[in-house]
1. Any chance you could get the radius of gyration and Dmax over the Cα atoms of chain A, in Å?
2. Say the dipole of region A:117-209 comes from +1 at the beta carbon of Lys and Arg and -1 at that of Asp and Glu; which of A:135, A:200, A:153 then lies farthest toward its positive end?
3. At a 1.4 Å probe radius, carbon and sulfur cover how many percent of the accessible area of region A:1-141?
4. Could you state how much accessible area residue A:20 has, in square angstrom rounded to the nearest 10, with a 1.4 Å probe and all protein chains kept in place?
5. Please express the shape of region A:641-748 as an equivalent ellipsoid: the semi-axes are the square roots of 5 times the eigenvalues of the C-alpha gyration tensor, given largest first in whole angstrom.
6. Given the C-alpha centroids of region A:376-417 and region A:137-198, what is the distance between them in whole angstrom?
7. Starting from the amide H of residue A:155, placed 1.01 Å from N in the peptide plane, find each other amide H under 5 Å away whose residue is 5 or more places distant or on another chain.
8. Under 5 Å between amide H atoms, partner at least 5 residues away or on a different chain: which partners does residue A:368 have, H built in plane at 1.01 Å?
Amino acid sequence: MSYNPNEIEAKWQKKWEDEKAFEPDDALSRKKKYILSMFPFPSGRLHMGHVRNYAIGDAFARYYRKQDFNVLHPIGWDAFGMPAENAAIKHGRHPKEWTYSNIDYMRKELNTLGLSFSKTREFATCDPLYTKWEQEFIIKMFEEGLLYRESTTVNWCEACHTVLANEQVEEGCCWRCDNEVELKEMPGYYLDIIKYADDLLGDLKQLEGKWPNQVLTMQSNWIGKSQGLEFNFELSEESKAKLGGNFEKYTVFTTRPDTIYGVTYSALAAEHPITKYLLDNDLVDADVAEKIVTISNMTEIERAKEGKEGYDLGLTVIHPLTREEIPVWTANFVLASYGGGAVMAVPAHDERDFEFATKYGLPIKRVIAGGDDLPYTAEGALENSELFTGMLNKEAQKEIIAMFEAKALGKGTTNYKLRNWGISRQRYWGAPIPFVHCDSCGLVAEKVENLPIALPDDVEITGEGNPLENHPTWKNCTCPKCGKDATRETDTLDTFVQSSWYQFRYATNPNKWNTTGIDKDDANYWLGVDQYIGGIEHAILHLLYARFFTKVLRDLGYHDIDEPFENLLTQGMVLMDGAKMSKSKGNTVDPDALVEKYGADTARLFTLFAAPPAKELEWNDSAVEGAFRFIKKLYDRNTKVIGKTLPTIDQSSLSKESKLARVKVYEALQKSTDVYEKTFAFNTLIAACMEALNALDKQDDGEVWTEGMYIMLNLLEPIIPHVTTELSEMLFERENLKAKLELKEEVFVQDSINYMVMIGGKKRAEVEVSPSASQEEILASAKEAGAKWLEGMIIVKEIVVPNKLVNLAVKPH
RNA sequence: GCGGAUGUGGUGAAAUUGGUAUACACGCCAGACUUAGGAUCUGGUGCUUUACGGCGUGGAGGUUCGAGUCCUCUCAUCCGCACCA
């Protein structure tokens, strides 16, 4: 019978389902592995990236199950989000209906791939039962002061009609629709992730060697911790008067306190309160005022493109040490969102300050020795710095901070680039933020017993405005505190909130899902995720938020886990003709069609064989054929097997070819542990199995074939589960899949050993010697074989590398 | 600019502690079988040279008996951040 993937795969998928083969053991007593591939957004259809992601995860899950671990390998749906609303606008389908029908379709697609997911722990993040617990967390965070509402300048995407978090802005554009992001002042809810900045940064250490370096540095840069000095510039008396006595001073932050004596001006952001006051009270010339307003309407990107731009504000401040009067400017390169929106400027030792000072003719004062040209930003000794003159600048940084602290002029402090996480979205298809606005009580959290605050189904989605805002009744409610009429918050939560805690929801036993969000014992047993697999595009967004949520939920008492994902594997993209597969480019491969034509095993084998998982995978139709050929060949060789158990083989009776075949089989076995547990180079394990099969094909010993198939089917089961299980049932009653396989050293013992003979560092000959040969004997035969190249030479050094080579270093006579 | 990675045949890629570079697969070439083949099987396939040999892991040096692997410098490509004071 020839290989028929569709029949075999349907058979085993049904059988696995009937056997409930992939449910974790609820006893929580055995050693465990939690294997998680990032859950999909239910867009409607699987793409090849999904296939790769889940093929990798499934290989881990199946491998560890075989090693007798209690394995949790769940799947669910990241189900809230914009595309559901877009579908509603475009095709008139309700987001809920669109989402759940997509889930049903994609679940079927996943089933045809034979993935070993737990079926009992599946959920969609739009299920009200999921929303319920998420809203509870949000309320707890509010009570703990980790969540607050504030009106500030936010990133606004007009196309998506919503606010975006800083992490969701890519080069000034929306991460989802690529529309240019605008700035807008509006109220929103924020999570105080900065409070956890140090924790998030410090714990990256724990992940070294377990997460890709690239991701660790990206997170570390994103958090952007810098230490320095914070101090106040006091306004001159004249300036105070000009500002109507409303301002005495303002705060600046510097990482270079050693250059403090080189300050020749100070600069404020266009949005700084003092700048604003000047504008509001017509204290600057009308044309200048207009230009400052123009700057504040520009995004940071636009300002950067514009070049340095600024205006003298006609104010002065007093240098805290020298008491000199220093001019105050406004400058477009000073960011309102960082370090208080004001800087001290040291043009001699800072490139930006230098550029600005040069453009506007501001004074430049050198205070660090070194280099010929200004600005000089490297290390050196201080000059023109009163009693610090002569001190090395590293040392001076500490000393100057100490002096500021001693004189109560300022203090050493830490700043982060990380901004607090804005979590409100002005959209319908998300988890409602469970708060109520009451005229007498202000902002009030909903009572926990009223959760979930579910979305109303009867909405009209037009793309204009927030459907919750426009719903006639939904937002009317009573205040949980005073009972008076109140209105519900109509913003919904960023979808990244859902994906920040789903790893804990899977871990919670489903029979507790009604009564608790996260079960502590379950979470402590299953977490951290032993192997997390997903795309590098989540390096900051999801992976940072999930780490943050883990720490917050830990501190709220839900579990005792510090880091959610112990080991992270970032898979490469699937490419076609060097470009990312995408519908708009028309270079996609449809997984359904692939499975239909070749079967799931071929699809899985190809994706794991064509490249190591972290690398990009270039699609290649004929290589898919190659993967199919291998499986077919493996299947056809079932006729070679002569016994139902692992045979005991008398090595000495075998031919050279049979011995070699055994070596290849056991080399593959040896490789498998390394691949599944350390290197993840599935491509090399598959190659080793191909070599083994090729070697088996060159001999005809039935027992060697039996042993070879017994072992190889076991090794390949995590990768191509259907065909291997089918063959295993046919040949070994599935016993070999459960068997603990052990290496047999005698297989590797060779009758003779080939030594490569190198003379003068070049490969010259090869000799075959007995394994028991002494070093002298080996050298003697090497010299004999290489006699031709030794003529007229003196051997200066003889090196014998056991089982490998002889190297004779020579020089002319 | 800062940070991270990657450079090996025609292509995807292999190569424990430094120890026969190019395993495995695709492609290509030749042959067999076949009415036919985009099926299957067998053999070949780094470059160069008539040959002996020489040269080959982005480039240049270095360490070593021996370097894809270690060190120094350099070039190229990709990714991330990007006026963070």
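1. 34.1, 108
2. The residue sitting farthest along the positive end of the dipole is A:135.
3. Looking at region A:1-141 in its full context, I get 53 percent from C and S.
4. 140 Å²
5. 20, 17, 12
6. 36 Å
7. For residue A:155, the qualifying residues are A:164.
8. Excluding prolines and chain starts, which carry no amide H, the hits are A:383.
The values are calculated or read from the model by the stated rules, or taken from the named source; none is laboratory data. Bear in mind the structure is a predicted one, so any value in this text is a computation, not a measurement. Here the Cβ is made from the backbone with ideal geometry for all residues, glycine too, and neighbour counts use every protein chain on show. Only protein heavy atoms, including side chains, enter the accessible area calculation; ligands, DNA and RNA are left aside. Shrake-Rupley method; radii C 1.70, N 1.55, O 1.52, S 1.80 Å.
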